[in-house]
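Note sheet for the following structure.
Please treat every number below as a calculation from the coordinates, not as lab data. All figures in this text were calculated on a predicted structure; none of them were measured in a lab. Neighbour counts run over all protein chains shown; Cβ positions are idealised from the backbone, glycine included.
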Amino acid sequence: MDVLLISQEGQAESQTAGIIAQALRAKPDLVLGLATGRTMKRVYAELARLHWEGGLDFSRCRTFNLDEYLGLPAEHPASYHRYMEEHLFRQINIQPEHTHVPDGMTADVMGECQRYEAMIQAAGGIDLQLLGLGLTGHIGFNEPGSPLDSRTRETRLTELTRQQNAGPFGGLASAVPARAITMGLGTILEAKRCLLLVTGSAKATILARVVEGPVTPLIPGSLLQRHPDCKVVVDAGAARDLGMGSGDPAADL
């Protein structure tokens, strides 16, 4: 793991967007894995700015989102389909047929998981996978104990994850769907590059376990220690419990 510490507020997100932009310029037909959540909104706003002001071209880029809640239609305000449309897809020149989010309303969950996995493989796999980190240590919706070789599948969310994600559901954890479709750990770890963004002191304890603790399926994010090309971008709050010094962000770009 290559940990990049950004001390200025808000700069971790813009630095993350810069890494994605650099990868897209180097490979215009980039296959990009995407994540959602509050932290990613600033990343996507910066990517949209780079598109409009800097000519960043998404026309050949293909995207695959990590996950989607089961039982939410795409137009639901809290669905990840809706999130991605509002925060990124409508703001850039990506082709709609090049964007992929699991179908949370499918009548055949297993079939949808197999279809999604097959589409990733048909695209040649993920070139760059953007990741956030849950308070349980999850990446995607791979909760503690998820199989190391798991593929895209149905999963049950922990109560802590539902509490963490309650904001778009009126703050009610009970309103957060209990199940979701997620890329598996095996799928994520097959990405050629991984980019983990973690901000805020609330994530400091779990981030230290992910980056510096033992590799264990009980902390799914810790498996990224085994990935050959994983960059972790953190701000000062998230880095509070890490036993590392401050680095020079420019040196890694």
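Table for the structure above
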{"quantity": "Rg to Rh, two decimals, where segment 1-121 supplies the alpha carbon set and Rh follows Kirkwood", "calculated": "0.98"}
{"quantity": "Counted charge near Leu218, where neighbours are those whose Cβ lies closer than 14 Å (Asp, Glu -1; Lys, Arg +1)", "calculated": "0"}
{"quantity": "Long-range HN-HN contacts of Arg193 with modeled amide H, under 5 Å", "calculated": "Leu128, Gln129"}
{"quantity": "Test item: Cα-centred dipole of segment 2-252, Lys/Arg +1 and Asp/Glu -1 on Cβ, debye", "calculated": "120"}
{"quantity": "Per-bin percent of Cα-Cα distances, segment 114-225 [10 Å]", "calculated": "14, 44, 33, 8"}
{"quantity": "Whole-percent pair-distance distribution, where bins are 5 Å wide, for the alpha carbons of segment 153-218", "calculated": "3, 13, 15, 21, 26, 16, 5, 1"}
{"quantity": "Computed log₁₀ I(q)/I(0) - Debye formula, equal Cα scatterers, no solvent, segment 2-252, q 0.14 Å⁻¹", "calculated": "-0.91"}
{"quantity": "Segment 2-252: relative contact order in percent, alpha carbon pairs under 8 Å with at least 6 residues between", "calculated": "24"}
{"quantity": "Pairwise centroid distance, computed over Cα atoms, of segment 29-102 with segment 111-174, Å", "calculated": "16"}
{"quantity": "Rounded to whole Hz, the Karplus (6.51, -1.76, 1.60) HN-Hα couplings of segment 4-16, x for glycine and proline", "calculated": "10, 8, 10, 8, 7, 4, x, 7, 4, 5, 5, 5, 4"}
{"quantity": "Among beta bridges that DSSP assigns inside segment 2-252, antiparallel share in %, nearest 5", "calculated": "30"}
{"quantity": "Shape metrics for segment 13-79, restricted to C-alpha atoms - Rg then Dmax, Å", "calculated": "13.1, 38"}
{"quantity": "Helical contribution to [θ] at 222 nm, DSSP H n ≥ 4, -39,500 (n - 2.57), averaged over the chain, rounded to 500", "calculated": "-9000 deg cm²/dmol"}
{"quantity": "Net charge of Cβ neighbours under 12 Å - reference Ser150; Lys, Arg +1; Asp, Glu -1", "calculated": "-3"}
{"quantity": "Mean Cβ neighbour count within 10 Å, used as a protection proxy, ranking 173-182, 230-239 highest first", "calculated": "230-239, 173-182"}
